[in-house]
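S.K.: Questions regarding the structure given below will be posed in turn.
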Amino acid sequence: MQIRSRVFEKYEKYIFNIPLLGSDKTDIKPGKLNVGDILFQRSDSTLKKSINISEVFKCKGAESYKYVFKIDGEYVEKGEVLAEKTSSGKLSIMQIKSPISGVLDLSRITYGYIDILGEEGNIEFKSDFSGEILGINPIDGITISTQAVGIDGVVSSKGNDKLFGKLEILGDGNSILNEGGLNQEYRGKIVWVGPYLYNRVATELFERGAVAVLTYAMSYTEFREIGLPIMILGGFGSVHCDLEFLKRFLSFKDKFIILDTSQNQLFILSESNFKNNGWFVNQYINQTVISRALSTYGYIGKIMEYDQESNNILVEFGKKGRTLMNIGLVDFIDL
Amino acid sequence: MKTLPTFKENAYLTLLIKDNFIYANLAYSNLIAQRTFLLSDSTDLSPLKFRLDDITFTKEFWFEYFDSLEKFFDWDIVDRTYEGIFKIKGFEHEEVGVSGIKVLIDDNQPFFKNIFISLKDFSRDISIKILDDKYINQLMYGFVQRMGYSQIYWIDLDISHFSIYTAKTESISSGVFNKERIPKTTINSSKIDWGNEIGLIDFIKTSKLKSFLTGEFTSEELTDRWGNLIAHSCEYISDPLLHDVLRAFTTLQLLSIKQSNSDKFNGILSSESAIIVTGNISNLLTKRELLFSLIDGLELEGVCDLFIDKENKLFSFGKSIIDKEKSQDIVILRGDVLPKAIKILIPEVPIKSKNKVIFSGKVSAQGVAPRDIYAFGSSLQILKVPDLGEKIIVEGQLKNGTLFSHYTFTNIEFMSTKRNFEYEELVVDARCRPIVYGPNPQDNRNKFKIWKDADKE
């Protein structure tokens, strides 16, 4: 029997926490949460510069904190030493000096980044979803139960992090971009870069403050090398990103999302009125499938014919045409 | 006259949850009417792999599963009198009801605890058992005693778990004067577990593995396509690169197990040896690729019977064929559970005979003219045992200086009996020893061109 993979799965009661930072202020109380309610106010600053220590010192992102001389929130002058690494033979010392004056933010130090912040301002986080506030405390932050849409993927950096941010779509969401096209800061954003991600673009996005990066495909080698929170929704290498998927995904633009790195799942906090189909496929004709065959990998199509004896199916892939393939080469999907 | 309980018409459903698959086997038995059969299905749980610990994996899922299974087997399983409560429909006759449902959950199955709890909450009618080493050891003891083999290798091949269990029976001295000989069965096991997918994907970059490959692929091609296979496991592979990588990977994994457990597995097989292969890799590789991996990975030599259990029936109903009439679930025939056997001959072929006939024999059955079979040196040949009748006898002899390195006999004789102990193929691995891979894919390609020579019947 075949199980339908729910590409977008509706969760009626998804419970999550929004961590509160020391400077965050909130007036909400446990109970009903409505669209437009202010979740919290955060004193936030503009990002003046990001420095990737792990890149400079050629060390793991998680080890970068060892070399930092300053403390989180400290004001640094231009030219002050921020981090220092002594070579294994103690013959040479590498130093990173602050290129500008500003306030240090070490919230992304586990990924190897030191941020230097500029002017401070207040940002209000307004809820664009309804639900229920289950609790508020300094340890867990704000615990909320709401409707969500879950998407599976593969995350490059393992940990127990749940990354929270707003979904930002680069360009039209369907073009492959290079780093030259990035001209703003992405603090607090989880960024969809399009169907394919090059590591240069990912590095540039993190330097511009992105919380995490989403893409449909990237080279496995680059995915492993980068060590930053990147989620792949499609596969490795040149994998076709079907418009059927993209149309649906891009409709979640500007929604709050949670990237669960330990579960390899992405949760979009959104009220949706769709209903998932049943898990099991009872008859094959006219079912939606995604190809796992080399020549059509990632294409979404519909089954036109099924031959029980040979276990072959004829799939209509739209512009790509019709293909005869073994049924074991497709995944049944609920899109 | 009353019917003995053993002969009563009966049906029993066993589910095996292993390596993100649910294998369903429904056994029906009516020994008076001499009608027994097994219905099988496998359901890939991979689309749910990140959700097996979610709230979605609840009662609703299991209700839907049994509903679909009823349609698939065309068999009533669920008693729908009680809404929202799962009750088994008691056995009435063929296609209606089962006397019980047992679910075996492999202790290596991801989110084992969640699945166990969700099934326990789902119904008290279902008996839940754990498939662990203890369970497999019991099966191994039983098979050694029931199937008449003195040595059994059980090789469970899944991409993320490789396990080898061996059972060996030897006569040991006993009694006051050590004059009595009693059989003693020793069981050993060895495993490789890949806890996380990233490690498994990265493994493909090792230089050791590259020496087993036949294709020249870029590192990017290898890791991207192998990564996609691991991330989105499938039930069929058409990509030649993946076939090559999976064969090389399986060979290397088996070789690693063998080399690190040389005291447990020596690879020498006798006519009383059997190899049972289970697990998903046997569905993904071609039979020839699987044979290359098994023979070269475990450095096998000699003669044995091979059983490739693609539907994992032996895990599900192995105990029933061991316990026979004492079986608590259902009494079924060995032929319904045991896959068709493959007789494997791995002799030592002298270099001068590499282009000569090294095995010749005939296949005979009552009332049919015998058919000649033969095998040439230097390749691995799969010879189909022709369907000549109920009982088929295959006789043959090693020729032109070919012999088994650890045995003096050169004659081979075996009988295939339909629906009981049926042989479907005879494999003669006539490659000249030692088998050496590498050092580069081009060399391997040349060697495989010779090793994969066409089948002869």
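S.K.: How many residues, within region A:122-136, are of a type in the set (A, V, I, L, M) and under 27 Å from A:Ser45 (Cα atoms)? Outline the logic, then answer.
M.R.: So the first thing to find is which residues in region A:122-136 are of a type in the set (A, V, I, L, M), and the list is A:123, A:133-134, A:136.
Still in the list and also under 27 Å from A:Ser45 (Cα atoms): A:123, A:136.
Total satisfying the criteria: 2.
For every residue, the table says whether it meets (1) within 27 Å of the chain's Cα centre (by Cα); (2) under 30 Å from A:Gln147 (Cα atoms); (3) hydrophobic (A, V, I, L, M, F, W, C).
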residue	(1), (2), (3)
B:Leu38	yes, no, yes
B:Pro47	yes, yes, no
B:Ser68	yes, yes, no
B:Thr81	no, no, no
B:Glu95	no, no, no
B:Lys102	yes, no, no
B:Asn108	yes, no, no
B:Ser118	no, yes, no
B:Ser123	no, yes, no
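S.K.: Which of the residues spanning region A:106-119 are in a strand (DSSP E or B), buried (at least 21 other Cβ atoms within 10 Å of the Cβ) and of a type outside the set (Ser, Thr, Tyr)? First the steps, then the outcome.
M.R.: First, the residues of region A:106-119 that are in a strand (DSSP E or B): A:113-119.
Next, from what is left, pick out any that are buried (at least 21 other Cβ atoms within 10 Å of the Cβ): A:113-116.
Of everything in region A:106-119, those that are in a strand (DSSP E or B), buried (at least 21 other Cβ atoms within 10 Å of the Cβ) and of a type outside the set (Ser, Thr, Tyr) turn out to be A:Ile114, A:Asp115, A:Ile116.
S.K.: While we're on this one: Using the structure shown, decide if A:Tyr75 is aromatic (Phe, Trp, Tyr), out of contact with any Asp or Glu (no Cβ under 7 Å at 6 or more places or on another chain) and over 16 Å from A:Asn52 (Cα atoms). Talk me through it step by step, then tell me what you get.
M.R.: On the way: aromatic (Phe, Trp, Tyr): yes; out of contact with any Asp or Glu (no Cβ under 7 Å at 6 or more places or on another chain): yes; over 16 Å from A:Asn52 (Cα atoms): yes.
Yes: the conditions hold for A:Tyr75.
One line per residue, one yes/no per condition, for (1) at the interface with chain B (Cβ under 10 Å from one of its Cβ atoms); (2) farther than 30 Å from A:Asn52 by Cβ; (3) touching an Asp or Glu at 6+ places or on another chain (Cβ under 6 Å); (4) modelled with pLDDT of 95 or more:
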position: A:Ile226; (1), (2), (3), (4): no, no, no, no
position: A:Ile230; (1), (2), (3), (4): no, no, no, no
position: A:Leu243; (1), (2), (3), (4): no, yes, no, no
position: A:Lys253; (1), (2), (3), (4): no, no, no, no
position: A:Leu259; (1), (2), (3), (4): no, no, no, no
position: A:Val281; (1), (2), (3), (4): yes, yes, no, no
position: A:Ala293; (1), (2), (3), (4): yes, yes, no, no
position: A:Tyr297; (1), (2), (3), (4): yes, yes, no, no
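S.K.: Any residue that is touching a residue at least 40 places away in the same chain (Cβ under 8 Å) and of a type in the set (Gly, Ala, Ser) - is there at least one of those in region B:382-389?
M.R.: If we filter region B:382-389 for residues that are touching a residue at least 40 places away in the same chain (Cβ under 8 Å), which is where we start, we get B:382-386.
Subset that is of a type in the set (Gly, Ala, Ser): none.
So far as region B:382-389 goes, no, none of its residues is touching a residue at least 40 places away in the same chain (Cβ under 8 Å) and of a type in the set (Gly, Ala, Ser).
S.K.: Filter region A:171-186 down to the residues that are surrounded by fewer than 21 Cβ atoms within 10 Å (Cβ to Cβ) and in contact (Cβ under 8 Å) with a residue 24 or more places away in the chain, then identify the one that is farthest from B:Gly199 (Cα to Cα).
M.R.: The initial filter retains those residues of region A:171-186 that are surrounded by fewer than 21 Cβ atoms within 10 Å (Cβ to Cβ), namely A:171-185.
Those left that are additionally in contact (Cβ under 8 Å) with a residue 24 or more places away in the chain: A:173-174, A:177, A:179, A:182, A:184-185.
Numbers: A:Gly173: 31, A:Asn174: 31, A:Leu177: 30, A:Glu179: 30, A:Leu182: 33, A:Gln184: 36, A:Glu185: 34 Å.
Filtering first and then ranking leaves A:Gln184.
S.K.: Mind checking which helices (runs of 4 or more DSSP H) fall wholly inside region B:188-280 and carry at least 3 residues that are over 30 Å from A:Ile290 (Cβ atoms)? Quick ask: steps written out before the conclusion?
M.R.: Values: elements: B:197-202, B:207-210, B:219-231, B:240-260.
In region B:188-280, B:207-210, B:240-260 are the helices (runs of 4 or more DSSP H) which contain 3 or more residues that are over 30 Å from A:Ile290 (Cβ atoms).
S.K.: Could you look through region A:18-41, keep only residues that are within 24 Å of the chain's Cα centre (by Cα) and buried (at least 18 other Cβ atoms within 10 Å of the Cβ), and pick out the one that is farthest from A:Ile123 (Cα to Cα)?
M.R.: A:Ile18
S.K.: With the requirement that a residue be in contact (Cβ under 8 Å) with a residue 12 or more places away in the chain and among the acidic types (Asp, Glu), what does region A:281-313 give you?
M.R.: The answer is A:Glu305, and nothing else.
S.K.: Which of the residues belonging to region A:175-199 are out of contact with any His (no Cβ under 9 Å at 6 or more places or on another chain) and at pLDDT 90 or above?
M.R.: Residues of region A:175-199 that are out of contact with any His (no Cβ under 9 Å at 6 or more places or on another chain), as a first pass: A:175-194, A:196-199.
Residues satisfying the conditions are A:Lys189, A:Ile190, A:Val191, A:Trp192, A:Val193, A:Gly194, A:Tyr196, A:Leu197, A:Tyr198.
S.K.: May I ask you to list the residues in region A:120-145 that are more than 14 Å from chain B (Cβ to nearest Cβ), assigned to a strand (DSSP E or B) and of a type in the set (Ser, Thr, Tyr)? Full working, then the answer.
M.R.: Keep residues of region A:120-145 that are more than 14 Å from chain B (Cβ to nearest Cβ), which gives A:120-144.
Cutting the leftovers down to assigned to a strand (DSSP E or B) gives us A:120-126, A:131-137, A:141-144.
The one that is more than 14 Å from chain B (Cβ to nearest Cβ), assigned to a strand (DSSP E or B) and of a type in the set (Ser, Thr, Tyr): A:Thr143.
S.K.: Here's another thing I want to ask about it. What about A:Phe40, is it of a type in the set (Phe, Trp, Tyr), closer than 30 Å to A:Leu269 by Cα and modelled with pLDDT of 85 or more?
M.R.: On the way: of a type in the set (Phe, Trp, Tyr): yes; closer than 30 Å to A:Leu269 by Cα: yes; modelled with pLDDT of 85 or more: yes.
Yes: the conditions hold for A:Phe40.
S.K.: B:Ser360 fails exactly one of the following numbered conditions: (1) in contact with a Leu (Cβ under 6 Å, 6 or more places away or on another chain); (2) part of a strand (DSSP E or B). What is the number of that condition?
M.R.: Result: B:Ser360 passes all but (1).
S.K.: Here is a follow-up. Tell me whether region A:263-271 contains one or more residues that are surrounded by fewer than 21 Cβ atoms within 10 Å (Cβ to Cβ), over 27 Å from A:Gly188 (Cα atoms) and within 14 Å of chain B (Cβ to nearest Cβ).
M.R.: Among the residues of region A:263-271, not one is surrounded by fewer than 21 Cβ atoms within 10 Å (Cβ to Cβ), over 27 Å from A:Gly188 (Cα atoms) and within 14 Å of chain B (Cβ to nearest Cβ), which makes the answer no.
S.K.: If you don't mind, another one. Here's a check for you: in region B:100-127, which residue that is hydroxyl-bearing (Ser, Thr, Tyr) and surrounded by 17 or more Cβ atoms within 10 Å (Cβ to Cβ) is farthest from B:Tyr82 (Cα to Cα)?
M.R.: Of region B:100-127, the ones hydroxyl-bearing (Ser, Thr, Tyr) are B:118, B:123, B:127.
In the following step, the residues that additionally are surrounded by 17 or more Cβ atoms within 10 Å (Cβ to Cβ) were identified as B:118, B:123.
On the way: B:Ser118: 19, B:Ser123: 12 Å.
Checking each candidate, the answer is B:Ser118.
Matching residues to (1) more than 26 Å from A:Tyr216 (Cα to Cα); (2) in contact with a Leu (Cβ under 7 Å, 6 or more places away or on another chain); (3) among the basic types (Lys, Arg):
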residue: A:Thr288; (1), (2), (3): no, yes, no
residue: A:Ala293; (1), (2), (3): no, yes, no
residue: A:Gly298; (1), (2), (3): no, no, no
residue: A:Lys302; (1), (2), (3): no, no, yes
residue: A:Tyr306; (1), (2), (3): yes, no, no
residue: A:Asn311; (1), (2), (3): yes, no, no
residue: A:Phe317; (1), (2), (3): no, no, no
residue: A:Arg322; (1), (2), (3): no, yes, yes
residue: A:Met325; (1), (2), (3): no, no, no
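The values are calculated or read from the model by the stated rules, or taken from the named source; none is laboratory data. Note that this is a predicted model, so its numbers are computed, not measured. Positions of Cβ are backbone-derived with ideal geometry, glycine not excepted, and every protein chain shown enters the neighbour counts.
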